[in-house]
Structure formats: C-alpha cells, structure tokens
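As structure tokens, the structure follows; a few thoughts come after it.
What follows is calculated from the coordinates using simple rules that are stated; it is not laboratory data. All of these numbers come straight from a predicted model, not from anything done at the bench. Cβ: placed from backbone, ideal geometry, glycine included. Neighbour counts: every protein chain shown.
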Amino acid sequence: MSQLSSRHTLSRRSVLLLSIILVGITACGNSASAANSLPSGKGPMPTITLDNTAPSNIDIIFNINMRNGSLSLSGHALSWPEFLLGYQATYQGKLVIFQKGEKVACNSSVLQNQGEIKIVPIPAAGTVIHCTYTSPQGTANWSITVPESPVITSPKPNSVITRSTATYYTMTVLPNCKTSGVELDYPDGRGGMAGMGNDSSVNCGSSQKVDTSTLPPGSGGIGVGEFLQPAYATNNPGFHSFTMQIYTSTTIPVTWK
C-alpha cells in the first residue's frame, strides 16, 4: 500500500488505484511498447515538431477515465459523475507539438495533445463516441463504446467498518476486466481527504481483501476500479501505434471505526 497526497477538494480525483495497464495495437498487430510510449516520470517529456504528421507517422495513447460515486467530507456529501477523454501524440518517444492545424475531436469536442476534456453527465453505457484525428497529411477515425461502471456490492454505502488487516469487499466484474484495484479514502486531519491505493495490479476477482488497520477513524470511502481490455474501441485506425487505456471506477462513502 502507498499513501497518497492529501487534497482538500474531491472535484477532480487522480487515478490512484493501479499502475497504468497498457494494451497496445500497432499497425503490424503487435503490442505497443509502454517504455517507448510514455514519459519516464523523471522530468518533462522532450518535444518535437514534425513536417509529416500523417497518422502513420505518429503514436497515439488514448485515455478513457470514467468515475462514479460519492464521499462525505466534513458532513457534506460530494459526488462526481466524471467522464474524461484524453490523448498523447508522440514520435520516437517525444511529444509531438502540432503547428499545422492538427487536431483530435470526439463527437465534435476538440481535445488538446497531452490534455483531456470532461463530459458531464457520463454518457450511458453502450453509447458510441466517434473520434477523428486530422492533419494536413491525412485523417484517422475510430469509435469508443462507453463501458459500464463496476458496482460495489459489499459493504453497502454509509456502512461503519471496523478497521483490520483483512477488510473484505465485493464488486461486480465487467466482462472485459484486465486488472482491478482498490482505493481507501480517509480524513487527512485538515478538513480534507487523503487516499491510499495499492501499488500493484490484482486479478479481477469479485471478492478481495485489503488492509485498513492503519487508517485513521472517521468519514471516508472505498473505491474500486477496473482497467478494461480494448474491446470497447475499434482496432488500430492507421497510426504508427495506437494504445487504448480504459479505466472505470466507483466510490462509496463509509465510516472507518
């Protein structure tokens, strides 16, 4: 388990549950390399400008981050239906700086490279979102089907949970779950919430246990999330490589005793 930084608001929660799971689809049908696609985290990602920004010349990582749920903070209930779309365009491990009108648009909403847009309310499961990349050298099209959210079946919302080294929870497992995890929210002592998430991926079993013995007492939450296989997206639309990251999660309020 690793402790995560405290925050005073919950309107924008980071993905804390798991290390990123990458499922890449290259033009040749091989898995894309995470090491070549993502920044190292050791500093700003190097950038590059290209004369040729044709789809076949760049690598795309496309992110879907869907969150449902609520928490209680200082007696006030907070909820955040949140559906985020984002992408990163790279060339040989460097972030591509677009200068010739290149853009990615999903259902007419334009996304920024290495940025994201929020769609509220969350589109219903099964909704199809159409995306297009446009550059002077060509276009690429793909579609996304909005997944369902996992459901925490035990404990129930607003339960009082005695902290222990083996706190069990159960959840629904989506058909295309690749890996899952849990986040525990607890009071940070300054009127806000902090979170604790697992460091490594776990299987998609419907029943899991987690150590809650070190959490402080008070209002908090349990969140479960699942990374999904890319069955919700079309195959590689013509990029040099196309990596889809699909994450969906739910949080319920509880009280730690």
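Run through every distinct alpha carbon pair of segment 90-168 and return the Kirkwood hydrodynamic radius in angstroms, one decimal place.
16.6 Å
Could you check the simple spin-label distance between Q114 and T255, using points 7 Å along Cα→Cβ, in nm with one decimal?
Distance between label points: 4.6 nm.
How far apart, in nm, are two points set 7 Å out from the Cα along the Cα-to-Cβ line at T132 and at S213?
Those two pseudo-labels are separated by 5.8 nm.
Anything over 29 Å Cα to Cα? Flag those among K94/K209; K100/K178; K178/K209, in the order listed.
K94/K209; K100/K178
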